[in-house]
Structure formats: structure tokens, C-alpha cells
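Reviewing the structure listed below.
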Amino acid sequence: MRIKSTELRDSSCHREQLKIWLNEKTNQHPIAGENLRRFVNELFKIFSDNPPYSWRFRITKYKNPVFRVHYRPTGRDNDFLIVGSKNLIVLHKFFDEKFRYLFPKRNDFYGTGDGA
């Protein structure tokens, strides 16, 4: 059964959930948590800090920040990079066929196997 993510409407809610998540990671593993915080801040420089459009905090049975890009074929903003506590999931559909080999599919990472 697929668990539908909780949609947070307000940008301050996304920021608050991200802050809570990063604090949890830092409390569990102080050095790794600080590295994760710096990494997420670097991603903000690339994707911009404009929730829920450039990124959002998704809550399913997992909690993750998800960075988004504009997907030209559909004209919509779509999830591109999911930051997990132990892995990064890059969605395949954004890559040209000749570059997909760089990110081999892992069906166990993301739903139907569109993530790598």
C-alpha cells in the first residue's frame, strides 16, 4: 500500500520540519548531523530556498527533504533529489537515456523503481 505524503502548505512549516529533522540527526550523530546540515545548505544554493516550490519536506512513513526542478516535458515542478538519512535518491526521468547508466536503478529505494 502506498502511503500518501502529508502536504504542508505554508513555507514556514517546511522550514520548521526540516529544522526538526536536522536537529534529530544531529542529536543522534553530532558530526554526521552537522555535515548533513552543511550539505542541505549547499543544496539550497543550487536549488534556491523557496518551499514548497524549489524544495519541500515530505512526510510519509519516512521524513525527508525533497529538492525539486522544473520538468519541461510536463511544465511542472517535480521531485528530483530526495535526501535520506543514509542515502540520496535521484529520480531517473530527468536524465537523457545516454546518461542513465551513471545512476543504476534500485527498485528498493523509491516506489516503482524510478529512483537511483
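For D49 and R72, what does the FRET efficiency come to when R0 = 25 Å and r is the distance between their Cβ atoms, rounded to the nearest 0.05? My answer for the efficiency is 0.65. When you restrict to C-alpha pairs under 8 Å that are six or more residues apart and normalise by the size of segment 39-98, the relative contact order lands at 20 percent.
In this model, which of K63/K98; K19/K45; K61/K98; K61/K86; K61/K93 are farther than 26 Å apart at the alpha-carbon? Pairs exceeding the cut-off: K63/K98; K61/K98. Over the Cα atoms of segment 11-102, each weighted equally, I'd like the Debye log10 I(q)/I(0) at q = 0.11, 0.21 Å⁻¹, rounded to two decimals. The Cα Debye sum returns log10 ratios of -0.33, -1.08. In terms of other Cβ atoms within 10 Å, D10, D96, D79 run from fewest to most in the order D96, D10, D79. With 0.36 nm allotted per residue and the present C-alpha distance subtracted, the K93-Y62 stretch has 8.9 nm of extension available.
Read-outs: derived from the displayed coordinates by stated rules, not from any lab. Because the structure is a prediction, the values reported are computed rather than measured. Ideal geometry is used to build each Cβ from the backbone, glycine not excepted, and the neighbour counts take in all protein chains shown.
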